[in-house]
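For reference, the structure is listed below as C-alpha cells.
The values are calculated or read from the model by the stated rules, or taken from the named source; none is laboratory data. Quick caveat, the model's predicted, so the values are computed rather than measured. Cβ coordinates were reconstructed from backbone atoms using ideal geometry, including for glycine residues, and neighbour counts include every protein chain displayed.
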Amino acid sequence: MMNYPLTLVHLLERAGRYFSKVEIVSRFPDRSLHRTTYGELYLRARALAEALTRCGIERGDRVATLMWNHCAHLEAYFGIPAAGAVLHTLNLRLHPDDLSYIVSHAGDRFLLVDDVLVPLLEQFKERVGFERIFVVPTSKGHVSATSYESYEDLLKTATGDFDYPDLDENEPAGMCYTSGTTGKPRGVVYSHRSTVIQCFNVTSTSFHAIAPADVVLSAVPMFHVHAWCHPYAATMVGAKQVFPGPHLDAESLLELCEKEQVTFSSGVPTIWLAALQVMERDPRRFRFAPGLRLIVGGAAAPEAMIRSFDRYGITVIHGWGMTETSPGAAIAPLKPYMRSLPEDERYTFRAKQGFAAPFVDLRVVGIDGEQIPADGNTMGELQVRGPYVTGSYYATAPDPEKFTDDGWLRTGDVATIDSEGYVKITDRTKDLIKSGGEWISSVDLENAIMGHEAVAEAAVIAVPHPKWGERPLAAVVLKPGAIVTKEELQIFLQGKFAKWWLPDDYVFVDMIPRTSTGKFLKMQLRETYRDHYSSV
C-alpha cells in the first residue's frame, strides 16, 4: 500500500474541493450571526498558513490562540498546522498566572487573540515572550483601539503562491494543557496522525456518527481538546457547522439550536442541565430538529438527565475521555440486543461511560496491579492506551505516577467494568471517599441526588471525620422555587445505596464552584467544608 500521510492538510483540501458551498455560522460577541462557507475557509486558512510562513514561523513552532468558538478560530485550526506549526489553544477561563506559565512553558512565538479578549491578554503579556500578536476582529471598535497587529492585515500579506511543507503524519499539529487542578498544567501534543484517527472515530457510526447531513454545534470550547475534535471531523465530512462564540448560556444555546436546526451538539453535563431547566419551564417554547443528539462527557451525566431529554425527543449519548486521550476514548450506545432489555436496565447502561472506541484499549487495575474482575462492582484505576493517547507530557520528565511500565496511561479515574465491557467512572482518585476503610463513590451519590425533582445540581465531597476518617457531605443547588429538606433527600436515597454510603449531612448552596472547563471544583468545596464534621 502507498505510504500516504494522514495530515490535516488533506481535510482542508477535501473541504475546499467538495464542500465549498456548505455553510459555517458564527455568533459574535454582539450576538450577530456571521455566515461563511468551507470555500472561504479554505482560502483564508491557506492564506494564514502562507502569511505565518512569511513571518518566519518554522516547523514545530507554537502559535497560540486566545479565542472563542467562531469561524476565524476554525481558520487557525487548519492554517497553523498547514504551515507546519503547532496550534496551541489557550484556555481563556484560566487565571492570568496560569496562562503566563503555560505560554512560557510551551514557548509560544505568535498569538492570535480575539479583540474582546485583549483585556485578558494585557493581564499577563508582560510576563511572556510573544514575538508578534495579531488581533482578530469579532466586534466593532476593538481593533482600532489596540496597539497590536491586525489579523486581517496578516492575511492580506498572502499572495496565493504557497506550497504546503512536506509534512510527516507524526509531526505535531496541536497542543493543549490539562486544567492543572492538582498541580501545574501539563502539555499534551497531538500529531496530525492522532487527530485524523480521532476524526475517523468521531464520524464512525459506532461512535459519535457525525455525518454530512448533520448540523454540528460545538458547545465545547474550541480551546478545550480541539472541542472534542468535532470541528475537524465535521470539516472532514462536510457537515454544516455552527459556532456560538462566547454565548454558552442555556438560553443562547437553545435558541441557536432551534434557529439553525442543529442535529448534533456536545458539552459537559452542567451546560445541558441548565438547558434542561430552561426547557422544563416552557416545554413548548423550542422546536428542535428531529433526532437531535447530544454527546455529553467531561463528567458523569446523571441518569435522570438522560431520561428527561428522551422525553423531548433528544438523545443523550454518554462518552468518556480526557485531554490526554484527544479526548474520545469510550462511548455508551446500546448494543442492538440490549434494546429489548427492560427500560431501567437500558438506562443503566446508557448512564455508564461506555466501552472502548476503535483502536483504544481500556483496563481497570486494582491496588495490587492486577486487572479486576468484570463484575460491574469491583473498583480500580482506569488505564488506557491507543494511537491518540499521549505517551508523555510536553517538556516534562517521565512520571511513573502517570504511565505504567508496560505503556498504559494512568487516568486517575476510579472505575468498574462489567461483562459487556462498559466502564463506569465511580470517582476521581482524589475525590473518592474513604470511610471506615471502605470506598464510597461520590459520583453515584451525586447522580442519585440529582434524580430528585427539586434538585438542579449536587456535588458530594469527602470531609474529615473523627471516627470514620472521611464521611460524605452533599452540596445541593435547588431548582428555582423548589423546596426540599435534608430529611426528604435522605429518604429519597434510602434503598438505592447501603446505609453507610449515605451523606451524613446536606448543605444547600446557590451555586457549585466549577473548573475552567465546567466541571465541579470539589477541591474548593473540600476547603470550604473541611471542618464540617469536626465537632461530631
The lone exception for ASP97 - which of (1) of a type in the set (Asp, Glu); (2) assigned to a loop (DSSP other than H, G, I, E, B); (3) at pLDDT below 95 it fails
(2)
LYS352 passes all but one of (1) under 20 Å from PHE520 (Cβ atoms); (2) among the basic types (Lys, Arg); (3) free of Cβ contacts under 8 Å to residues at least 12 places away in the same chain; which number fails?
(3)
If you check TYR506 against the conditions, is it aromatic (Phe, Trp, Tyr) and either touching a His at 6+ places or on another chain (Cβ under 6 Å) or farther than 30 Å from LEU92 by Cβ (or both)?
yes
If GLU169 satisfies every condition in (1) assigned to a loop (DSSP other than H, G, I, E, B); (2) in contact with a Ser or Thr (Cβ under 7 Å, 6 or more places away or on another chain); (3) closer than 15 Å to ALA106 by Cα but one, which is the exception?
(3)
Taking helices (runs of 4 or more DSSP H) that do not extend beyond the stretch 221-294, which have at least 3 residues that are more than 17 Å from the chain's Cα centre (by Cα)?
230-237, 250-259, 269-281
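Here's the yes/no breakdown for (1) in the same structural domain as ILE133 (by TED's automatic domain parsing); (2) surrounded by fewer than 18 Cβ atoms within 10 Å (Cβ to Cβ); (3) not aromatic (Phe, Trp, Tyr):
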position: TYR151; (1), (2), (3): yes, no, no
position: THR157; (1), (2), (3): yes, yes, yes
position: GLY160; (1), (2), (3): yes, yes, yes
position: MET175; (1), (2), (3): yes, no, yes
position: LYS184; (1), (2), (3): yes, yes, yes
position: ALA209; (1), (2), (3): yes, yes, yes
position: ALA219; (1), (2), (3): yes, no, yes
position: HIS224; (1), (2), (3): yes, no, yes
GLU58 fails exactly one of (1) within 20 Å of LEU112 (Cα to Cα); (2) not assigned by TED's automatic domain parsing to the domain that holds HIS105, namely (2)
Which residue is nearest to GLY107 (Cα to Cα), if the candidates are limited to the stretch 393-429 and must be in contact (Cβ under 8 Å) with a residue 60 or more places away in the chain and of a type in the set (A, V, I, L, M)?
ALA395
Pick out the one residue from ALA76, ALA64 that is among the small types (Gly, Ala, Ser) and in a helix (DSSP H, G or I).
ALA76
Filtering the stretch 288-304 down to residues that are surrounded by fewer than 24 Cβ atoms within 10 Å (Cβ to Cβ) and either closer than 21 Å to GLN261 by Cα or at pLDDT 95 or above (or both) yields PHE288, ALA289, PRO290, GLY291, LEU292, ARG293
Given the condition under 24 Å from the mean Cα position of the chain (by Cα), among the hydroxyl-bearing types (Ser, Thr, Tyr) and not assigned by TED's automatic domain parsing to the domain that holds THR178, answer yes or no: does some residue in the stretch 375-383 qualify?
no
